[in-house]
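To keep things clear, I will list the structure first and then write my remarks on it.
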Amino acid sequence: ALQWLKRYGDPYAISIVDIDGKVGIDYGVYGVPETYVIDKKGIIRHKQIGPVTVDSLEKTIIPLIKELQQQA
């Protein structure tokens, strides 16, 4: 995990625990795992259904996070 953080940085501004599942239902979760990238306005910019892979990180998630950070 530390090597990953050194390579890519820490993209997590906020992590949410949804114990009773109500927040997930509000966002349209219908399977697990699901990963979301949500912008500062609360708009879902990416929804990853299923496990996050190295490929999805490198091709989609990390570039999107970097793009959103530049817009800040």
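Every number in this text was worked out from the coordinates using simple rules, so none of it is lab data. Keep in mind the model is a prediction, meaning the values are calculated, not measured. Virtual Cβ from ideal backbone geometry, glycine too; neighbours counted across all protein chains shown.
The table that follows gives values for the structure above.
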quantity	calculated
Estimated [θ] at 222 nm from DSSP helical runs (n ≥ 4, -39500 (n - 2.57)) normalised by residues in the chain, nearest 500	-7500 deg cm²/dmol
Relative packing of peptides 31-39, 57-65, 14-22, 2-10 - highest average C-beta neighbours within 10 Å first	57-65, 31-39, 2-10, 14-22
16 Å Cα-Cα reach of K40 towards aspartates and glutamates, excluding residues that sit fewer than 8 places from it in its own chain	E67
Column: log10 I(q)/I(0), Debye, Cα scatterers of the chain, q = 0.12, 0.19, 0.25 Å⁻¹	-0.35, -0.89, -1.37
